[in-house]
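Have a look at the structure below before the remarks.
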Amino acid sequence: MEINPEIEKKIQLLDEKFQKIDQKTETHLEGLLWSKPITYWDYIQTDALLNLQTQRTTLPDEMVFIMYHQVNELLFKMILWEMHQLCHAEKPQTDFFTERLMRISRYFDMLTTSFDIMGDGMEVGQYMKFRNTLTPASGFQSAQYRLIEFASTDLINLIDHRFRATIDRNTPFEHAFEHLYWQAAGKDHTTGKKSFLILEFERKYKAEFLRHMEEYNTINIWQKFKHLPINDQKNPGLIQAMRHLDKTVNITWVMGHLNAAKKYIGGGEATGGSDWQKYMHPKYQRRIFFPELWTEDELATWGE
Ligand code: HEM
């Protein structure tokens, strides 16, 4: 290789980079001599990834169930990645805002349109057998799903409707946590006793959830939107993107999920033990991230 001025310039830039962190450029160049060339499998970590599918039963369709959930978790991670960038941007411009929202929506659209992999992709007979070995676990215990909710909207929109009047921005996070809409799925209605499903979930994630609730209290997607200049808040493309996200997450995905659940468990009991038929329907749950962007009529008929 000829050491032309372009190469010299690159070496100089490298030297500046390493000087800034008190490193010797020569040592790093020497290190390059011995470093392994990268391969696809090392970079993507295919061996690790493809070793994460462990069945608990001998039924082949359990593999579909495990892998589809893992695909969901990977997409949840991609969604959280975009949300982090959007919410931590000091002053996001409207184009950036819209573009990032559309990225998030595309991931959720993908989750929604692919739900028939669950709905049609397993034999009901096999599912009914392997599901017993999964009790008392449930997709309800997906922590990333909850993190997505916290990053999307003000906490008040995630509070159970029955308690909204008693909670405002000054309520301690711990108290708000106990009144999140999803607490209803994990409590005995008569005694208020929490189920094993939710106790285990909280034991593992409650501290992280409280931290996340606090972090996103002032920088969730809705707050970022409300801090845009007034004219930008009226931008039709941005409003359309916000509404699309709300609908995809809170109606379309929820209905895809509910219909898959109905196909398999019909009127039966859920592995997580919730009163799921009612709890999961958007028209009862009324989880709406951006209520101000919907008309009275649209709100009244949410999920119908
Ligand atoms: C055959 C497939 C599925 C069935 C039968 C099913 C069933 C259920 C049921 C009955 C619940 C209510 C909680 C409980 O267990 O008591 C639930 C909650 C949940 N499931 Fe699934 N599910 C399926 C697939 C999935 C997939 C692929 C995901 C993606 C990660 C998922 C994520 C969730 C989440 C996030 C909740 C909580 C929803 C909320 O709080 O509104 N589920 N599921």
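Tabulated results
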item: Filter pass, D168 being buried (at least 19 other Cβ atoms within 10 Å of the Cβ), among the charged types (D, E, K, R) and away from the ligand (no atom under 11 Å from the Cβ); result: no
item: Whichever residue in segment 32-49 is in a loop (DSSP other than H, G, I, E, B) and of a type in the set (V, I, T) and, among such residues, is nearest to F130 (Cα to Cα); result: T39
item: Test: T39 is open to solvent by 80 Å² or more (accessible area, probe 1.4 Å) and without any contact (Cβ under 8 Å) to a residue 60 or more places away in the chain; result: no
item: E292 open to solvent by 40 Å² or more (accessible area, probe 1.4 Å), in contact with a Lys or Arg (Cβ under 6 Å, 6 or more places away or on another chain) and not polar (S, T, N, Q); result: no
item: Which numbered condition L52 fails, given (1) open to solvent by 60 Å² or more (accessible area, probe 1.4 Å); (2) outside any helix (DSSP H, G or I); (3) more than 30 Å from F150 (Cβ to Cβ); result: (3)
item: Among the candidates L158, L101, residue that is open to solvent by less than 20 Å² (accessible area, probe 1.4 Å), within 28 Å of K234 (Cα to Cα), within 11 Å of the ligand (Cβ to nearest atom) and in contact (Cβ under 8 Å) with a residue 12 or more places away in the chain; result: L158
item: Residues of segment 111-127 that turn out to be surrounded by 14 or more Cβ atoms within 10 Å (Cβ to Cβ) and not in a loop (DSSP other than H, G, I, E, B), as a count; result: 7
item: Odd one out for I66 among (1) part of a helix (DSSP H, G or I); (2) within 30 Å of H227 (Cβ to Cβ); (3) not small (G, A, S); result: (2)
item: Candidate set from segment 171-190 (those that are part of a helix (DSSP H, G or I) and among the acidic types (D, E)); member that is surrounded by the most Cβ atoms within 10 Å (Cβ to Cβ); result: E178
item: Helices (runs of 4 or more DSSP H) contained in segment 191-240 and holding at least 2 residues under 29 Å from R100 (Cβ atoms) and open to solvent by 90 Å² or more (accessible area, probe 1.4 Å); result: 196-216, 230-233
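The values are calculated or read from the model by the stated rules, or taken from the named source; none is laboratory data. Just so we're clear, the structure is a prediction, and the values are computed from it rather than from any experiment. All Cβ positions, glycine included, derive from the backbone under ideal geometry; neighbour counts span all protein chains shown. Ligands, DNA and RNA are excluded from the accessible area calculation, which covers all protein heavy atoms including side chains. Shrake-Rupley method; radii C 1.70, N 1.55, O 1.52, S 1.80 Å.
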